[in-house]
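The values are calculated or read from the model by the stated rules, or taken from the named source; none is laboratory data. Since this is a predicted model, take the numbers as computed values, not measurements. Glycine gets a Cβ as well: all are built from the backbone with ideal geometry, and neighbour counts include every protein chain shown.
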There are 2 protein chains.
Amino acid sequence: MNDPSPIRKPSRIQKRNRKRILDAALEVFSAHGYRGATLDLIAAEAGLSKPNILYYFEGKEEIHVTLLNQLMDSWLAPLREIDPTGEPLDEVLAYVHRKLEMSHALPRESRLFANEVLQGAPRMAPHLETVLKPLVDETAELIEGWVAAGKLAAVEPRHLLFSIWATTQHYADFDAQVRVLMDGADVKDGARAHLDMMFLRLLTP
Amino acid sequence: MNDPSPIRKPSRIQKRNRKRILDAALEVFSAHGYRGATLDLIAAEAGLSKPNILYYFEGKEEIHVTLLNQLMDSWLAPLREIDPTGEPLDEVLAYVHRKLEMSHALPRESRLFANEVLQGAPRMAPHLETVLKPLVDETAELIEGWVAAGKLAAVEPRHLLFSIWATTQHYADFDAQVRVLMDGADVKDGARAHLDMMFLRLLTP
DNA sequence: AATTTTTCTGACCGAATGGTCAAGAAAAGA
DNA sequence: TCTTTTCTTGACCATTCGGTCAGAAAAATT
């Protein structure tokens, strides 16, 4: 009676406003962390009143969780695109490129994720277990197969993935530091060339 | 009159309690971020009353800033230890080891730093400019010299440093994720072997 | 147009939080 | 021992924050 009915499909206004709220929340959560973000800030950013925010979402936490759930999918997409039938070296390097591209195109998402994991992933532990882990296990097996077939140099697949994630997301997550140290210089192309060489040298059998 | 005199040298009790407070604050700030940390939590962790905390520090922010300033020194120590007269490849790989070792021995410090930079380094921007940047500029020149002398493969020094920081600190900052994906397996030795190989292959001329 | 349903908001509320203060307890100094 | 200084705390305070609610405004439905 006081709720956007969970049965009916969402109205035009509902779709528009939920989108506005989630976009504003992404901005605020990624910039201030979960505790640093306030409903008032999100409301202001969204151009809506605070009670109206709470008309569309049950509370601060639900907004955050919704954001994280949505993120997980797009965040893992590049990993899912690795083609088991492709040329191993090309596939991994293309994955590095996709991750770097995402870090550049979606820095807020990267920081939202980083913030959550930094705090111990209190609101995302189940997702890590049920969504991320199986996908990583599968990918690890694939890479092990490629290594065994002599298509890639001997690497521990999970540590390889950690290295790829760490180096690509670093440009989004530590942007404040990168900007200080690279003042003005073109970061993106330099990063791409560097990571390309690094993983090429690491993985060439 | 209400302040630990800034002129006199600190008493035995002052030294002990300031240390307790900073240690407790490191624990709390690194686990919850600046906003998520509360004086009550810090006080409880330190085993002191809240007003007593505020007898030794002017406020929450001063504790945080003190912590960051102290951190900066020990954090950059491994970089300062690079010997310009040493064997280039050995020097860089030893630096990687030191950073990985720190990530393992001082994860709270790593997360404190990560938290701060993630939020845009609001309380540390000056330090990054005045302390970190000059040191990085100097190190970059050193590495460029080594590259020009054919002692190292051609790399962009700053991106190399980013890669080293990102990959080593990842094990502390994203520990929650690493633990999920590596359940039980020995992380430390695997990481060391992996990073060793990665940077060896990258930097071998 | 009349009615029902959805969307929106001003005014509030209780809890949490950073911080203050007067005065007591403990050390240190004489 | 007596006095002074340092250290400690219970009781408060003002603000912020997540959240509620009654009812107004706007859409949709009839």
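Tabulated results
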| quantity | calculated |
| --- | --- |
| Among (1) farther than 14 Å from residue B:158 by Cα; (2) more than 8 Å from every other protein chain (Cβ to nearest Cβ); (3) surrounded by 15 or more Cβ atoms within 10 Å (Cβ to Cβ); (4) among the charged types (D, E, K, R) - the single one residue A:201 does not satisfy | (2) |
| Flag if residue A:141 is of a type outside the set (A, V, I, L, M, F, W, C) and either within 20 Å of residue B:174 (Cβ to Cβ) or surrounded by 16 or more Cβ atoms within 10 Å (Cβ to Cβ) (or both) | no |
| For residue A:63: the one exception among (1) touching a residue at least 12 places away in the same chain (Cβ under 8 Å); (2) assigned to a helix (DSSP H, G or I); (3) more than 15 Å from residue A:116 (Cβ to Cβ) | (3) |
| Residue, surrounded by the most Cβ atoms within 10 Å (Cβ to Cβ), within the range B:179-198, restricted to residues that are more than 7 Å from chain A (Cβ to nearest Cβ) and in contact with a His (Cβ under 9 Å, 6 or more places away or on another chain) | B:195 |
| Flag for residue B:114 being crowded, with 20+ Cβ neighbours inside 10 Å, assigned to a loop (DSSP other than H, G, I, E, B), under 14 Å from the mean Cα position of the chain (by Cα) and within 12 Å of another protein chain (Cβ to nearest Cβ) | no |
| Residue match in the range A:33-53 (condition: more than 10 Å from DNA strand C (Cβ to nearest atom), of a type in the set (D, E, K, R) and under 15 Å from the mean Cα position of the chain (by Cα)) | no |
| Evaluation of residue A:134 against (1) over 20 Å from residue A:19 (Cβ atoms); (2) away from chain B (no Cβ under 14 Å) (one fails), failing number | (2) |
| Residue check for residue A:168: assigned to a helix (DSSP H, G or I), in contact (Cβ under 8 Å) with a residue 40 or more places away in the chain and polar (S, T, N, Q) | yes |
| Single match in B:101, B:81, B:62, B:87 (criterion: surrounded by fewer than 16 Cβ atoms within 10 Å (Cβ to Cβ), modelled with pLDDT of 95 or more, within 16 Å of DNA strand C (Cβ to nearest atom) and at negative phi) | B:62 |
| Residues that are in contact (Cβ under 8 Å) with a residue 40 or more places away in the chain and within 24 Å of residue B:161 (Cβ to Cβ), drawn from the range B:66-86 | B:67, B:68, B:69, B:70, B:71, B:72, B:76, B:79, B:80, B:82, B:84 |
| Checking residue A:152 against (1) part of a helix (DSSP H, G or I); (2) aliphatic (A, V, I, L, M); (3) crowded, with 22+ Cβ neighbours inside 10 Å, the condition it does not meet | (1) |
| Given (1) assigned to a helix (DSSP H, G or I); (2) surrounded by fewer than 16 Cβ atoms within 10 Å (Cβ to Cβ), number of the condition residue B:146 does not satisfy | (2) |
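To keep it simple, each residue is scored yes or no on (1) over 30 Å from residue B:11 (Cβ atoms); (2) among the hydrophobic types (A, V, I, L, M, F, W, C).
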{"position": "B:26", "(1), (2)": "no, yes"}
{"position": "B:33", "(1), (2)": "yes, no"}
{"position": "B:50", "(1), (2)": "no, no"}
{"position": "B:56", "(1), (2)": "no, no"}
{"position": "B:65", "(1), (2)": "no, yes"}
{"position": "B:72", "(1), (2)": "no, yes"}
{"position": "B:91", "(1), (2)": "yes, no"}
